[in-house]
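Data block below; observations after.
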Amino acid sequence: IGLIALYYAYYSFKTQTAETSKNDNASVEDTLPESKLYSDPTHGYNILIPKGFKVESMSVNSIQILPDVEVSGMGPTNFIYVSAVPIDSRNENGEAYNYNPDQFEQLIGVNTIGDSTNFATGDIDELAKWFNYTLVAIENINGASVKNYQNSQPWEFPAGTTENRFIWDTGENLYILGYYTGGEGVDPKGLIDPRTAHAVIKSFRLP
């Protein structure tokens, strides 16, 4: 009986290990079936766009990726975005979506997973709950270590929305990648699965 139990325990372990290995090695393309490649004409990066999504320009340095549907209410509140900050624009505020030089310095100063920083200072101290960012992971994107920060109550978004913001500094250009998902009262047609949004960010490639 002991040998039979040992056999089944070993078989179960091998099966679980194989399944874990298969999931760990799954490509982004497998996670995003029927996706199409978008190449940014200004900054040259590539990113996969899921089937049923569209790309819209936010500014010369930023794009958003969102479901290709008309939504009711206040408009799209779930979207994925990419902002590119050229080296000569690092001191400029407002040139790229979600880039602020001071806030960038705060974020990169957080190095331990689980630690947080808050953008609320001075006259916006009472708004602190909307500006708290926690380092939740360090991701491997295109061979680089990229910090992933999360805000569970982003400012000016519906309650229940979660923001994830990724910071990638190549030493030349700086990239702010991110997405907003969920939210109370959001038109279901406009909701983005966080797993899909994460897979899109992981597909980001530099030229």
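The values are calculated or read from the model by the stated rules, or taken from the named source; none is laboratory data. Since the model is a prediction, treat every value here as computed from it, not as a measurement. Heads up, the Cβs are rebuilt from the backbone with ideal geometry, glycines too, and the neighbour counts pull from every protein chain shown. Surface accessibility is based on the protein's heavy atoms, side chains included, excluding ligands, DNA and RNA. Shrake-Rupley method; radii C 1.70, N 1.55, O 1.52, S 1.80 Å.
For this structure, a couple of remarks:
- Whole-angstrom gap from segment 53-95 to segment 179-203, using each part's C-alpha centre: 14 Å
- Once divided by 2.2 N^0.38 Å, the Cα radius of gyration of segment 31-96 becomes 1.25.
- Heavy-atom SASA rank of 165, 195 (probe 1.4 Å, accessible area, largest first): 195, 165
- Calculated translational diffusion coefficient of segment 58-207 (10 °C, 1.306 mPa s; Stokes-Einstein with Kirkwood radius over alpha-carbon pairs) equals 99 µm²/s.
- Cross-link pairs beyond the 21 Å C-alpha cut-off, checked among 54/189; 51/202; 51/189; 147/189; 36/202: 147/189
- Per the Cα gyration tensor, segment 152-207 maps to an equivalent ellipsoid with semi-axes of 26, 14, 7 Å, ordered largest to smallest.
- Legend: Rg and Dmax of segment 106-162, from Cα coordinates, 12.7, 40 Å.
- Calculated accessible area for segment 89-151 comes out at 54 Å² per residue, all protein chains present (probe 1.4 Å; ligands, DNA, RNA ignored).
- Each residue of segment 162-173 is assigned a 3J(HN,Hα), and the resulting list reads 10, 10, 10, 10, 10, 10, 10, 10, 7, x, 10, 8 Hz, derived from the Karplus form 6.51 cos²θ - 1.76 cosθ + 1.60 (θ = phi - 60°), x at Gly and Pro.
- Computed from backbone phi, the HN-Hα couplings of segment 128-134 come to 4, 5, 8, 10, 9, 10, 10 Hz, rounded to whole numbers (Karplus: 6.51 cos²θ - 1.76 cosθ + 1.60, θ = phi - 60°; Gly and Pro given as x).
- Across segment 174-191, rounded Karplus estimates of 3J(HN,Hα) from the backbone phi angles (6.51 cos²θ - 1.76 cosθ + 1.60, θ = phi - 60°) give 10, 10, 10, 10, x, 7, 10, 9, x, x, 6, x, 6, 3, x, 5, x, 6 Hz, Gly and Pro being marked x.
- Proximal charge balance of residue 182 [Cβ under 11 Å; K/R count +1, D/E count -1]: -3
- The accessible area of residue 43, taken with all protein chains in place and a 1.4 Å probe, comes to roughly 40 Å².
- Amide hydrogen neighbours beyond the local backbone of residue 141, cut-off 5 Å, H modeled: 146
- Solvent exposure ordering (accessible area, 1.4 Å, most first) of 129, 202: 129, 202
- Direction-averaged projected area, Cα convex hull, segment 44-139: 8.6 nm², rounded to one decimal.
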